[in-house]
Amino acid sequence: MPAGDPRDLVVLLDARRRPAGTAPREAVHGLDTPLHLAFSCWLLDADGRVLMTRRALGKRSWPGVWTNSFCGHPRPDEALVDAVRRHGRAELGLEVEAITALLPDFAYRAVDASGVVENEFCPVFVARTTHQPEPHPDEVAELAWVEVDDLRTALAAAPWALSPWLRDQAAALDTAQAWSRLAVDADRTETHPPDAVVPNPRPRTSPSPATQESDR
């Protein structure tokens, strides 16, 4: 679905994280971003390394920041795992496998240097791939495969150089003592988290056109 297509919608959520409407993806992020549904994915290769990506310099929020593998928004009635697959193809040009819930209750709010707000209920997944990335230049400027221990060292030494959602996800993994969940077994079957399909919410007035375009 091309950018700007009126069917390219994200799911807005109420304070209890229930679907409360939709908004065009390109207009949902701004100075007063409503709570909405997203996902984030940590992608592993056959050696257990994590794919780190640097956001394209043309992004409206957090341009050029290094972050975890990829993230995005499910469309209404799209299963979260299907959204993970779709974004893996669109952003990185690869297929993902063994998609497993890592932090199913993760949510965060952050403000970048320009004032653009992220405000997301954002379940986090871990997945694996046997393909080499072919990143879309509008999404990814650079990438690197890193050992998990090296990533943890970078988070401790220079957290300011990494995306706020990556920092918050790492902190949640610390709290849950769950870093071992990043080990994806080659024979692991795909696991769908609860409520993997988003119900079709009732339409609601979209955010003001003054909000800035961004897909994170």
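What's the Cα-based Rg to Rh of region 9-182, Rh via Kirkwood?
0.93
Mind jotting down the distance between the C-alpha centroids of region 64-119 and region 131-180, whole Å?
Centre-to-centre distance over Cα atoms comes out at 13 Å.
Within region 26-110, report the GluC sites (Glu not before Pro) that DSSP leaves as loop and that have at most 14 other Cβ atoms within 10 Å.
Answer in residue order: Glu95.
Just to confirm the filter: which GluC sites (Glu not before Pro) across region 119-182 are DSSP coil and have at most 16 other Cβ within 10 angstrom of their Cβ?
Glu147
FYI, it's all coordinate maths here, none of it is from the lab. Please read these numbers as outputs of a predicted model, since none were measured by experiment. As a convention, Cβ positions derive from the backbone with ideal geometry for all residues, glycine included, and neighbour counts pool all protein chains shown.
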